[in-house]
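The structure appears right after this line, and notes come after that.
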Amino acid sequence: MQPIISSTIVVTLCVLLSSVPGFSQSTQYFQGKTIVLVQGREPGGTGALRVQAAIPYLKKYLPGEPIIVAQFMPGGGGRKAANYIARNAKPDGLTLGNVGSGLVANAVLGATGVEYDIDKLIYLGASNSTAQYVFGSMARLGLDNLEKLRAHPGLRIGAQTVGHDIYINGRLFAWILGLKDPRFVTGFSGPELDIAMDRGELDARANIPDTILQRNADQLENKRLNFHAIIQIPKDDRHPHPLFNKLPELESFAKSEREHRIMTMFRTFRLVGSPYILPPGTPAEVVAQWREAMRKTFRDPAFLKDFKRLSADDATPLLPEAQEKAIKDIPRNPDIIGLFKKIAGNEPLPPR
C-alpha cells in the first residue's frame, strides 16, 4: 500500500509544479511550440538576411527545437516593432524581436513614437556589432594633412539625407576635427555621392572602408582621395587594410570631456548592432535558455559561413551581457543628448 501512495504523491506533485507559472522542464518548454520573431523592417534587406541566417541555428540550440517563423513589422525605423514587443507581446519567450540600432538611439534621443523603455527590454545579443567609418577628401584639393584640411573654408561634405548614418558621421568628423565653416550637401544615394565627388560637385564625405574597397577601388588605385581619420567601433578594432589601420582614431582629437562623451554615445549606438529582444517580464529561466541558444549560434562555424553567404559580410557577434552593459553605459545627461541632436541635425555645428 505504501509504494502506491508514494507514487501518487510524486505524480500529484509533478502535476502541481508543472501548473506553476514559470516552471518548465528545460527540454519541454519550447517543444512543440511556434515562436514568432518580429522584425522591424521590410523583408529582403540585409537585416532580414542576417536573421534568416540565424533562425535554423536558434531552432537547433533551443531545447525542444521549436518552429520559428518571421513576422515583418516595418514602421518608424523599428519603433513599431519595438513598441509591440514591449507593450503587446506576451512575456513567455515565444515572441521576440529583432530591430536595428535605432532602437537605442531613438529612445535615448527622445524620438517621437517611442513607447518602450530600453532599460526594461531584455537583450539577447546581435550578430553584427563592429563598424568603421573614414573621412576622405578629393586629392585635387591638396588637403594632404590635418593643418591644410582645417584651414580650407567651406568644405562641401556630401551625404544622403539629414539624419542618415553617413550624414551624422560626416558632421561628427567635421566637428571633432575642427573644420572651418563646412557645408553639408544632401540628396544623393551612396553611388551618386562618389560620382558627385569625381565631378567636382562635392569635396569630401564619410564612408565605410569596406564599401570603398569594394566599390571605389579605382579611387584608391589612382590616389584620388586623401583620408584623414577613422572612427572604430569598438574603439580598438583596427581595420585590416594598411591604408586605413594607420589613420588616427577620431576620438584622439577630442579636447573636452563632453566631446569624449559624444564619441561614447555615438559608438554605443552603433555597437549594439541589431538587437534581439524579449519583452519585459520574461521568466529568467526562459531568458537563460534564449541567451545560451544565441551564444551557441554565434559560435557555430556553420552559422558564420551562412551569415557570410547571405549577407555578404562577416558576422561580428555581440553577446547578450555585453550588449546589456553597453546600453546601460550610454550617457544619459540631457546636455550631451541635446548636443548630439545638434550634431545630427541640420543646424550649424555647435561650437566646440
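The values are calculated or read from the model by the stated rules, or taken from the named source; none is laboratory data. This one's a predicted model, so the numbers in the text were calculated from it and none came from an experiment. Glycine also receives a Cβ, built like all others from the backbone with ideal geometry; neighbour counts cover every protein chain displayed. Remember, those area values only see protein heavy atoms, side chains included, never the ligands or the DNA or RNA. Shrake-Rupley method; radii C 1.70, N 1.55, O 1.52, S 1.80 Å.
Structure summary
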{"read-out": "Positive-end residue, the chain charge dipole about Cα centroid, Cβ charges, pick of V69, P279, G187", "value": "G187"}
{"read-out": "Additional length obtainable on full extension of the chain from D313 to K296, 0.36 nm per residue less Cα span", "value": "4.2 nm"}
{"read-out": "Simple Cβ-charge dipole of the range 164-253, Lys/Arg +1 and Asp/Glu -1, about Cα centre, in debye nearest 20", "value": "200 debye"}
{"read-out": "The range 99-184 shape via C-alpha gyration tensor axes, a/c threshold 1.5", "value": "prolate"}
{"read-out": "Whole-Hz ³J(HN,Hα) from phi, Karplus 6.51 cos²θ - 1.76 cosθ + 1.60, for the range 241-248, glycine and proline x", "value": "6, x, 5, 9, 6, 9, 6, x"}
{"read-out": "Per residue solvent-accessible surface (Å²) - the range 88-136, probe of 1.4 Å", "value": "31 Å²"}
{"read-out": "Residue-by-residue Karplus 3J(HN,Hα) for the range 309-314, coefficients 6.51, -1.76, 1.60, Hz, glycine and proline x", "value": "5, 7, 9, 6, 8, 7"}
{"read-out": "Other-chain or far-sequence residues with amide H under 5 Å of I118's (modelled H)", "value": "none"}
{"read-out": "Segment L243-Q28, extension gain: residue separation times 0.36 nm, minus the distance between their alpha carbons", "value": "72.1 nm"}
{"read-out": "Protein accessible area in the range 141-219, 1.4 Å probe - carbon and sulfur %", "value": "50 percent"}
{"read-out": "Stokes-Einstein D (µm²/s) once Rh is taken as the Kirkwood radius of the range 229-352 over alpha-carbon pairs, at 4 °C in 1.567 mPa s", "value": "75 µm²/s"}
{"read-out": "Top positive-direction residue, dipole computed over the range 112-157 with Cβ charges, set H152, V114, F135", "value": "H152"}
{"read-out": "The range 178-331 - percent relative contact order, Cα under 8 Å, separation 6 or more", "value": "16 percent"}
{"read-out": "Percent carbon-and-sulfur accessible area, the range 242-287, ignoring ligands, DNA and RNA, probe 1.4 Å", "value": "58 percent"}
{"read-out": "Cross-link table K59/K325; K148/K180; K80/K328, entries beyond 20 Å C-alpha to C-alpha", "value": "K59/K325; K80/K328"}
{"read-out": "Positive dipole terminus of the chain, leading residue within N207, M263, L177 (C-beta point charges)", "value": "L177"}
{"read-out": "Antiparallel DSSP beta bridges within the chain, as percent of all bridges there, nearest 5", "value": "50 percent"}
{"read-out": "Relative contact order (percent, whole number), the chain, Cα cutoff 8 Å, 6+ residue spacing", "value": "25 percent"}
{"read-out": "Derived scalar couplings ³J(HN,Hα) [the range 109-114; Karplus, 6.51 cos²θ - 1.76 cosθ + 1.60; whole Hz; x for Gly, Pro]", "value": "7, x, 5, 5, x, 7"}
{"read-out": "Mean separation of Cα contacts under 8 Å, 6 or more apart, over the residue count of the range 124-186: relative contact order %", "value": "36 percent"}
{"read-out": "Charge dipole magnitude, Cβ of K and R +1, D and E -1 - the range 308-351, Cα centre, debye nearest 20", "value": "80 debye"}
{"read-out": "Reach of K60 by Cα under 25 Å, taken over lysines that are not fewer than 8 positions away in the same chain", "value": "K33, K90, K296, K305, K308"}
{"read-out": "Mean accessible surface per residue for the range 254-352, computed with a 1.4 Å probe while every protein chain stays in place, in Å²", "value": "46 Å²"}
{"read-out": "Point-charge dipole on Cβ atoms (K/R +1, D/E -1) for the range 135-202, about Cα centre, debye to 20", "value": "240 debye"}
